[in-house]
Amino acid sequence: MEWMAETAERRSDPQALWPEVRSVILLGLNYGPAEDPLAGLALKDRASISVYARNRDYHDVIKGKLKEAAGFLAAKASSDVKVFVDTAPVMEKPLAAAAGLGWQGKHTVVVSREFGNWLFLGAIFTTAELLEDEPERDHCGSCRRCLDVCPTNAFPAPYQLDARRCISYLTIEHKGHIPADLREGIGNRVFGCDDCLAVCPWNKFAQAGREARLVQRDDLAALPLAELARLDDPTFRTRFAGTPIKRTGRDRFIRNVLIAIGNSGDASLAPEAVRLLDDASPLVRAMAVWAIARLLPAEEVSAHREARRDIETDEDVRREWRRALSGIPDEAAA
Ligand code: B12
Ligand code: SF4
Ligand code: SF4
């Protein structure tokens, strides 16, 4: 996410992005889940996919809606407009809080008194001079549920997130190997994480989202890990076309699936990881080693290594084999 540092100046001030802008309108789109979003975490042989990724890519959905609203405004107010949803350096959360949509909770996401934690944000910039809304004040009080539930301790303090420890970052954005000490906390979350959002008491006012393109697709709920581990590049692309999941690409996704397999405690999944020990991607091979080391007895792990000792040339994968056989705990090897 180097782009964040590179665009810091433009992000801090809308006029640095577009000098003519006079007003910014923030919109929230409700994507509240109809069922308990964390229910899938208990199904260890299945994959948990974050609520926001269980159907169409929200960027596509929101962009269309923003353009429609912006077109209406441009015509009514004879003004110029630009629309943004993640696509440009815009600080959507502080702007949404300033516009009164909600406040940035201790988990840093915008919480709404009306919709709880389940709002996507989008912005319309306009040259029209509009009346300002009142900002929403902080309603977190002494609560700290979101901070305490985080499986990887990603909050160094309230209102601060260390993205390098966040499962959302690790499983979606991070291109390399996932640090050893964070793998166990990932559990079966193969794409994103909802824990800090889902435990927030303000969700008692949330309503199930009504945008059909964002409602959970049944074929994306609780997918068997064994089935996902067999996806190759073309089947991955077909399976996840149009969803946010496609952005990781097959290798990173299978890396995540192998972490979930390693965390499953289910030795019947070990053959899936064994097969991936010979995958073309070092990212995949390394996590296959980690997964078998968690599921198989040491003699079997050792035999698999011997069979590949002279073939494996990738230094990261070789290190993963050494770690798997030395019995170094993950925290120490991180
Ligand atoms: C980069 C990014 C990420 C990164 C970093 C997240 C982060 N917290 O910044 C990662 C990959 C980890 C991520 C994860 C997620 N993201 Co994201 N992400 C973004 C993105 C593209 C930029 C955010 C950004 O600028 N961060 C930079 C830091 C500096 O921002 P910040 O945390 O808000 O920092 C402020 C606070 O620390 C605050 N602060 C500091 N001290 C204090 C003290 C007090 C008292 C207060 C009040 C504030 C405060 O001031 C800072 C500056 O404003 C936005 C879209 C956008 N363009 O805004 C989406 C966005 C924030 N993500 C979103 C979502 C849905 C998620 C996930 C829920 C997805 C998932 N289910 O996996 C998780 C949630 C994780 C979490 N707890 O934040 C939504 C949030 C919607 C909402 N209602 O707020 C956004 C707005 C996308 C969208 N268009 O809807 N995301
Ligand atoms: S999304 Fe998950 S890993 Fe990231 S901060 Fe929230 S609870 Fe922690
Ligand atoms: S869980 Fe509690 S602390 Fe976290 S955002 Fe919700 S109200 Fe605030």
**Item:** Counted residues, region 35-64 - those being within 18 Å of S112 (Cβ to Cβ) and either in a loop (DSSP other than H, G, I, E, B) or of a type in the set (G, A, S) (or both)
**Value:** 1
**Message:** The conditions are (1) farther than 23 Å from D36 by Cα; (2) surrounded by fewer than 17 Cβ atoms within 10 Å (Cβ to Cβ); (3) within 14 Å of ligand 2 (Cβ to nearest atom); (4) β-branched (V, I, T), and V149 fails exactly one of them. Which is it?
**Reply:** (1)
**Request:** Consider A157 carefully, then state whether it is within 16 Å of ligand 2 (Cβ to nearest atom), over 28 Å from I261 (Cβ atoms), more than 20 Å from the chain's Cα centre (by Cα) and not charged (D, E, K, R).
**Result:** yes
**Fill in**
Filtering region 65-93 down to residues that are outside any helix (DSSP H, G or I) and either free of Cβ contacts under 8 Å to residues at least 24 places away in the same chain or not hydrophobic (A, V, I, L, M, F, W, C) (or both) yields S78, S79, D80, K82, D86, T87, P89
**Request:** Under 7 Å between Cβ atoms, at least 6 apart or on separate chains: pull out the pairs that start in region 111-134 with a residue that is acidic (D, E) and end on any residue that is assigned to a loop (DSSP other than H, G, I, E, B).
**Result:** E129/R22; D133/A99; D133/G100; E134/G100
**Message:** So the check is Cβ under 8 Å with 6+ separation or different chains; which pairs have a first residue in region 135-156 that's farther than 17 Å from G185 by Cβ and a second one that's away from ligand 2 (no atom under 16 Å from the Cβ) and of a type in the set (D, E, K, R)?
**Reply:** E136/R113; H139/R113
**Asked** Counting just the residues of region 274-331 that are β-branched (V, I, T), within 25 Å of L231 (Cα to Cα) and touching a Lys or Arg at 6+ places or on another chain (Cβ under 9 Å), which one comes out surrounded by the fewest Cβ atoms within 10 Å (Cβ to Cβ)?
**Response** V317
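Conditions tested, residue by residue: (1) over 20 Å from A198 (Cβ atoms); (2) of a type in the set (D, E, K, R); (3) out of contact with any Gly (no Cβ under 7 Å at 6 or more places or on another chain); (4) within 15 Å of ligand 3 (Cβ to nearest atom).
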position	(1), (2), (3), (4)
K106	no, yes, yes, yes
L121	no, no, no, no
F125	yes, no, yes, no
D148	no, yes, yes, yes
A163	no, no, yes, no
**Scan of region 128-161 for residues that are near ligand 1 (Cβ under 9 Å from one of its atoms) and assigned to a loop (DSSP other than H, G, I, E, B), ordered by number** = D138, C140, C150, A154, F155, P158, Y159, L161
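Residues checked against (1) exposed (fewer than 15 other Cβ atoms within 10 Å of the Cβ); (2) within 16 Å of ligand 3 (Cβ to nearest atom); (3) in a helix (DSSP H, G or I):
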{"site": "Y169", "(1), (2), (3)": "no, no, yes"}
{"site": "K175", "(1), (2), (3)": "yes, no, no"}
{"site": "V190", "(1), (2), (3)": "no, no, no"}
{"site": "A226", "(1), (2), (3)": "no, no, yes"}
{"site": "G242", "(1), (2), (3)": "yes, no, no"}
{"site": "T248", "(1), (2), (3)": "no, no, yes"}
{"site": "R255", "(1), (2), (3)": "no, no, yes"}
{"site": "I261", "(1), (2), (3)": "no, no, yes"}
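Every number here is computed from the coordinates shown, using simple stated rules; none is lab data. Small disclaimer: the values here were computed from a predicted structure and weren't measured. We place every Cβ from the backbone using ideal geometry, glycine too, and count neighbours over all the protein chains shown.
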